[in-house]
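K.L.:
Pasting in a structure now, in structure tokens, and then I'll have a few things to ask.
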Amino acid sequence: MNWRELYRGVLGWAGRAKELVLLQTAAKPCGRANFLVWPASALLALNQTYGIHGCATCWQREVDTDDWTSHTNHPLLPLAALKSSPLALPLPPRPDPTPTPSSLRRRAAMAGRAPYFASEEGARGIRPGESPAAALRRILASPGAHQAPCCFDALGARLVERAGFPICFMGGFCVSAARLGLPDVGLISYGEMVDQGRLITEAVSVPVIGDGDNGYGNSMNIKRTIKGYINAGLAGIMLEDQVAPKACGHTEGRKVISREESVMHIKAAIDARKESASDIVIVARTDSRQAVSLDEALWRVQAFADAGADVLFIDALASVEEMKAFCAVAPGVPKMANMLEGGGKTPILTPAELEEIGFSLVVYPLSLIGVAMRAMEDALLAIKGGGVPPPSSLPSFQEIKDTLGFNRYYEEDKQYSVSQAQPSLPSDKP
């Protein structure tokens, strides 16, 4: 039985009474929209039927578990007080507590990804029992402009984690370059991006935000994209409002879909998240600053926030003043900055400067792919000249093995080793 069925059932019991007496406590009512205020009889039913007792004012069903939890800011209500309610009604039979296939699927979808190697002690990122999205939300809620370098494969993501960054961003520009050897002009597909995302999330224990481009189609395509990224273990997804074929936001000739369609795409993403019982973070991006105007971009991000987006992003802002105007929109909703290295339209600022303006998340789309390209070119020149890359530019073989986890593998493998029995030699005796 899911929470909606339970809610309808409880309301059905309470509806047989002439009036609903809401429980009153000294605590203030919960202001969060996803908390439900229950009648006294409903709380009694929940208590006796499901073994629940807790907040006298509101209840929330956590989307990442099958448990009911009370709002900790409200006091507990004794069972005796529930029994004294004038609306106490007969209770239905206690349901079978055996997990259903659907509940198991929900738990599996919401569980933190299991990287090949367990997190090292003291590592930042996803905590035990925490979903990737919950970890991302926790990090974004903490002070600071949190840096998220863009990776393009599992090795790059592991290096991001080893360097101590709490978030990794899978960028479409660098994945298209590394996986296809092609420019970011809409050639890479949903299947290729979600497959790359799955490999990346399996390699690290930090939350990963995936570039979802323009959702790869209409609202129904966007819903499939959201669910695919959830199943791939991504903590967040960025969706933009470009027309197809989309391209890098710092290039010329950008075009965007209509206001109405762009907002509907975000609503479709929110619906897909609800249908999946997920908490994936929706990063809503607009490219209308360069395609239309700053005013249009500001209108769109406000509309995205109103539709339920978790993080807002205007690409290719052209000045610090424009960045400040952006951060003034929808106070309380985290803002993302794009520090396009090497000649983008947006000024390059330090994390401290970005935090002061009002940004919570900072991505660096070209650093890893750019230095990798230059390093490979230099190495190839050295090999072509009859040598090898100099030691200053080449890690030792031992360092490479350490990065990839050879030693951790060998140490862990020892836990499961068994002594091999020596084969006995045939005896000469009859």
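K.L.:
Report yes if LEU199 is assigned to a loop (DSSP other than H, G, I, E, B) and of a type in the set (A, V, I, L, M, F, W, C), otherwise no. Break it down stepwise before answering.
P.N.:
On the way: assigned to a loop (DSSP other than H, G, I, E, B): no; of a type in the set (A, V, I, L, M, F, W, C): yes.
No; evaluated as a whole, the condition is false for this residue.
K.L.:
Considering ARG285, ARG300, ARG289, which residue is in contact with a Ser or Thr (Cβ under 7 Å, 6 or more places away or on another chain) and basic (Lys, Arg)? Talk me through it step by step, then tell me what you get.
P.N.:
On the way: ARG285 fails: in contact with a Ser or Thr (Cβ under 7 Å, 6 or more places away or on another chain); ARG289 fails: in contact with a Ser or Thr (Cβ under 7 Å, 6 or more places away or on another chain).
One residue alone meets the criteria, ARG300.
K.L.:
Any idea which of (1) of a type in the set (A, V, I, L, M); (2) closer than 19 Å to ALA309 by Cβ; (3) touching a Cys at 6+ places or on another chain (Cβ under 8 Å); (4) assigned to a loop (DSSP other than H, G, I, E, B) is the one LEU234 doesn't satisfy?
P.N.:
Failed condition: (3).
K.L.:
Something else: Mind listing just one residue for me: the one in segment 344-375 that is modelled with pLDDT of 95 or more and of a type in the set (D, E, K, R) and, of those, farthest from GLN290 (Cα to Cα)?
P.N.:
ARG374
K.L.:
Identify all residues within segment 129-145 that are open to solvent by 20 Å² or more (accessible area, probe 1.4 Å), over 18 Å from ILE357 (Cα atoms) and hydrophobic (A, V, I, L, M, F, W, C); write none if there are none.
P.N.:
ALA134
K.L.:
Turning to a different aspect of this structure: Quick check on this structure: which one of GLU322, GLU341 is charged (D, E, K, R) and either modelled with pLDDT under 95 or at positive phi (or both)?
P.N.:
Numbers: GLU322 fails: either modelled with pLDDT under 95 or at positive phi (or both).
Checking each option against the conditions leaves just GLU341.
K.L.:
Got at least one residue in segment 264-277 being without any contact (Cβ under 8 Å) to a residue 24 or more places away in the chain, surrounded by fewer than 23 Cβ atoms within 10 Å (Cβ to Cβ) and hydroxyl-bearing (Ser, Thr, Tyr)?
P.N.:
The initial filter retains those residues of segment 264-277 that are without any contact (Cβ under 8 Å) to a residue 24 or more places away in the chain, namely 274.
Remaining after also requiring surrounded by fewer than 23 Cβ atoms within 10 Å (Cβ to Cβ): 274.
Checking the rest, the ones that are also hydroxyl-bearing (Ser, Thr, Tyr) come to none.
Within segment 264-277 (the criterion being without any contact (Cβ under 8 Å) to a residue 24 or more places away in the chain, surrounded by fewer than 23 Cβ atoms within 10 Å (Cβ to Cβ) and hydroxyl-bearing (Ser, Thr, Tyr)), the answer is no, since none of the residues qualifies.
K.L.:
Taking the options SER360, SER392, SER367, name whichever one is more than 30 Å from GLY236 (Cα to Cα) and hydroxyl-bearing (Ser, Thr, Tyr). Spell out how you get there, then give the answer.
P.N.:
Working: SER360 fails: more than 30 Å from GLY236 (Cα to Cα); SER367 fails: more than 30 Å from GLY236 (Cα to Cα).
On inspection, the qualifying residue turns out to be SER392.
K.L.:
If you don't mind, there's one more thing I want to ask. Failed condition for ASP213, given (1) part of a helix (DSSP H, G or I); (2) in contact (Cβ under 8 Å) with a residue 24 or more places away in the chain; (3) surrounded by 24 or more Cβ atoms within 10 Å (Cβ to Cβ), with all others met?
P.N.:
Against the list (1) part of a helix (DSSP H, G or I); (2) in contact (Cβ under 8 Å) with a residue 24 or more places away in the chain; (3) surrounded by 24 or more Cβ atoms within 10 Å (Cβ to Cβ), ASP213 comes up short only on (1).
K.L.:
Right, another one. Filter segment 154-188 for residues that are open to solvent by 40 Å² or more (accessible area, probe 1.4 Å), part of a loop (DSSP other than H, G, I, E, B) and hydrophobic (A, V, I, L, M, F, W, C); which is modelled with the lowest pLDDT?
P.N.:
VAL185
The values are calculated or read from the model by the stated rules, or taken from the named source; none is laboratory data. Model, not experiment: these values are computed from the prediction. All Cβ positions, even for glycine, are placed from backbone atoms using ideal geometry, and neighbour counts span all protein chains on display. These area figures cover heavy atoms from the full protein model, side chains too; ligands, DNA and RNA do not enter into them. Shrake-Rupley method; radii C 1.70, N 1.55, O 1.52, S 1.80 Å.
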